[in-house]
Structures are given as C-alpha cells and as structure tokens.
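The values are calculated or read from the model by the stated rules, or taken from the named source; none is laboratory data. Computed from a prediction, not measured in an experiment: that's the story for all the values here. As a convention, Cβ positions derive from the backbone with ideal geometry for all residues, glycine included, and neighbour counts pool all protein chains shown. For accessibility, only protein heavy atoms count, side chains too; no ligands or nucleic acids. Shrake-Rupley method; radii C 1.70, N 1.55, O 1.52, S 1.80 Å.
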Amino acid sequence: VCVDGYEADDVIATLAARHRGEGVDVLTGDKDLLQLAAYDGVRILDPQGDPVDAAKKFGVPPGRIGDYLALVGDASDNVAGVRGCGPKSAVAFSAQIKFRGALLSTGSTCPELMSHRSH
C-alpha cells in the first residue's frame, strides 16, 4: 500500500488504528510502531515474525513508547533524546505525567527532569 505524501509508518499506523479489534499483525523493525500494540487486536511482530512485547523489551507499555524514545533518543528517526537520560531513567520518567512539561522546556537534562517528577 502506498499513499503519496505519507511515510510508510504513518500509513501502517492509520490502517492498524482503523482495523483495530479485527486481529491486525504489523511486521516491522520500527520501534515507533510498537505503540500500536496499545490497540486491542493489534500485534507487533519483528522482521522474523516473532511477537514483540514492548514492556519486556523496553520496560514501558506500548502506549508509552513515544515518551520513552523521546527521552532516550532514536537515531533512526533523528531524535536526539534528553541529555543524560538512559533507558533506566526513561522508564521511570515515562511513568510520570509531569515530566512532559519539563521535557518541552529547551535544553532539559535528566537532572532537570528529576526535579519535576511527582513522588
């Protein structure tokens, strides 16, 4: 399926969302698309066809993959991430709601984010 003017991952995400609940399998190596598994009936498979569990692989549920990748960075999508945030910090922060506002401030670092965490 090709749609002029749209990237493949956007088309895949749109189709998966439209057909959620119908038993959709998405075969991909794109970490961003793991968030689609938050939809009922959508299963993510790696390029070998094996199911991928975002929580086991990254420590966050599918619906928080975007937050996680924004924090640690994602070279394949040119996302630099937050300076000083590795996977452990990203897992902790992605479970928080308040960190998003701190993340939006220019030049946030991991220590600055820590000051915005709810306890």
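Quick rundown of the values:
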quantity: Every residue from segment 68-80 that is open to solvent by 30 Å² or more (accessible area, probe 1.4 Å) and free of Cβ contacts under 8 Å to residues at least 40 places away in the same chain; calculated: A70, V72, A75, N78, V79, A80
quantity: Any hit, segment 37-53, residues being under 27 Å from K88 (Cα atoms), touching a helix residue (DSSP H, G or I) at 6+ places or on another chain (Cβ under 8 Å) and open to solvent by 90 Å² or more (accessible area, probe 1.4 Å); calculated: yes
quantity: Selected residue (only one of R20, R64 is in a loop (DSSP other than H, G, I, E, B), open to solvent by 30 Å² or more (accessible area, probe 1.4 Å), within 23 Å of S94 (Cβ to Cβ) and touching a residue at least 12 places away in the same chain (Cβ under 8 Å)); calculated: R20
quantity: Checklist (1) over 21 Å from E7 (Cβ atoms); (2) of a type outside the set (D, E); (3) in a loop (DSSP other than H, G, I, E, B) applied to A55, failing item; calculated: (3)
